[in-house]
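Peer 1: Got a structure for you, questions after.
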Amino acid sequence: MSEALIDFIKDCYKAGKTHKEIGAILKETGWAQEQIDEALGQFVDRAFPVASPSFNRKLSADRNRINDLRRLSNDIDQYFDEQKKLPDQLADLSKLRSWGDYERRLDDPTTKELYEYKRSDTFAYELCANFELTSKDAELEWRNYYGSHNMTWEYDIGHHCFKFGIPEGKRISKAK
């Protein structure tokens, strides 16, 4: 089945066309009913995947990874507030006070690999992890409404790094 046809169907849905209207448009352009049914079926399968146990496991693992990275970014902000610099490595976060039963995870709970931390400059850094789904496949719209990083958590399958920076206001207050 042509990817272009499936993309066309997707665009039609985005434009508000109904299943019946899309079928009629495709018939008018010369597509056979079997081809139309197959294309619509593939589109529906992609757009609304059945949540298999494997899919749910991957979804849960990726949610845990995002939550861990979100917490680490907040911890790095706290470290900057207290130490007046970014940490050299994630292990430096152990110097922070812990609150309640919060467990700081420096490693992926599924693979046990350490999350990657890279300082870009004095006020910027990246946090990286390996993902099993894409944020779009999982229909995730991760938003971080905590701390100073109000961002969208979008990623593809595999290794992905998120960029963070210390806000200007915090930089100025630290320079005094």
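The values are calculated or read from the model by the stated rules, or taken from the named source; none is laboratory data. These numbers come from a predicted model, not from an experiment. Counting neighbours? That spans all protein chains shown, and the Cβs are built from the backbone with ideal geometry, glycine included.
Peer 1: Please state which one of 74, 130 is under 18 Å from the mean Cα position of the chain (by Cα) and either hydroxyl-bearing (Ser, Thr, Tyr) or at pLDDT below 90 (or both). Step through it out loud before you land on a result.
Peer 2: Working: 130 fails: either hydroxyl-bearing (Ser, Thr, Tyr) or at pLDDT below 90 (or both).
Within the list 74, 130, the selection yields 74.
Peer 1: Here is a follow-up. Determine, yes or no, whether residue 136 is in a loop (DSSP other than H, G, I, E, B), at pLDDT 90 or above and surrounded by fewer than 12 Cβ atoms within 10 Å (Cβ to Cβ). Steps first, answer last, please.
Peer 2: Values: in a loop (DSSP other than H, G, I, E, B): yes; at pLDDT 90 or above: no; surrounded by fewer than 12 Cβ atoms within 10 Å (Cβ to Cβ): yes.
Answer is no for this residue.
Peer 1: Going through the range 55-66 one residue at a time, which ones are surrounded by 15 or more Cβ atoms within 10 Å (Cβ to Cβ) and not charged (D, E, K, R)?
Peer 2: Those that are surrounded by 15 or more Cβ atoms within 10 Å (Cβ to Cβ) and not charged (D, E, K, R): 55, 59, 61, 64, 66.
Peer 1: Of the residues in the range 85-104, how many are modelled with pLDDT of 90 or more, of a type in the set (D, E, K, R) and not in a helix (DSSP H, G or I)?
Peer 2: Qualifying residue count for the region: 2.
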